[in-house]
Amino acid sequence: MDFRVVNLDSPLFSTLQHMIDLADDGDKSSHAPTRSYMRDAKAMAATPADVKEYPNSYVFVIDMPGLKSGDIKVQVEDDNMLVISGERKREEEKEGAKYVRMERRVGKLMRKFSLPENANTDAISAVCQDGVLTVTVQKLPPPEPKKPKTIEVKIG
């Protein structure tokens with residue numbers, strides 16, 4: 001209820017109205033995505049990748065133009081989430097020069113991949129050559145088939 005409509009302008013009612021307004025504002029923002037979430041979502045949408053499966057490995061190929069190997073991060077989170085990220089920074093403007101057109105993308109690059117159960121997260125390699133990052137995740141050997149257990153039957 002809006003107490004101002006009833007013309008109750010006492011300090012008590014204005015304080016209550018202020019508290020109600022704050023509670024309403026808090027409800028709206030608690031469901032909104034955070035700025036970092038939106039930045040990460042844009043980075044993932046703008047970072048194309050190819051994923052190949054070989055008999056002994058999975059290979060992830062991602063274009064990372066303009067990034068040095070030190071600017072690229074390859075991590076495994078939660079035992080099965082491969083996270084590849086990097087950030088391309090804007091070149092510093094030199095004195096007397098100004099941009100006429102700026103089309104190359106700057107900012108964060110990121111992709112997340114859920115690894116299958118047979119991925120060996122202890123055997124991951126990453127190579128960046130000519131702006132193309134290749135991450136290789138070896139597969140675990142297939143489990144040995146369980147042999148049936150024979151139980152001796154005793155006569156009693």
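One table, with the values for the structure above:
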quantity: Neighbourhood net charge (14 Å Cβ-Cβ; Lys/Arg +1, Asp/Glu -1) for Lys89; calculated: +1
quantity: Glu53/Ala126 FRET efficiency (R0 25 Å; Cβ-Cβ; nearest 0.05); calculated: 0.90
quantity: Estimated FRET transfer efficiency (Glu103, Leu140; beta-carbon r; R0 35 Å; 0.05); calculated: 0.20
quantity: Stokes-Einstein translational diffusion, the stretch 66-156 - Kirkwood Rh over all Cα pairs, 1.002 mPa s, 20 °C, in µm²/s; calculated: 122
quantity: Cβ-derived FRET efficiency at R0 25 Å, Asp71 paired with Lys94, nearest 0.05; calculated: 0.70
quantity: Net lengthening on full extension, Lys112/Asp79 (0.36 nm per residue, minus Cα-Cα); calculated: 10.6 nm
quantity: Summed side-chain charge close to Leu109 - residues other than Leu109 whose Cβ falls under 9 Å, Lys, Arg +1, Asp, Glu -1; calculated: +2
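A short reminder: the numbers here are calculations on the coordinates, not readings from a lab. Bear in mind that the values here come from a model prediction, so they are computed numbers and not experimental data. For neighbour counting, all protein chains shown are included, and Cβ atoms are generated from backbone atoms with ideal geometry for every residue, glycine included.
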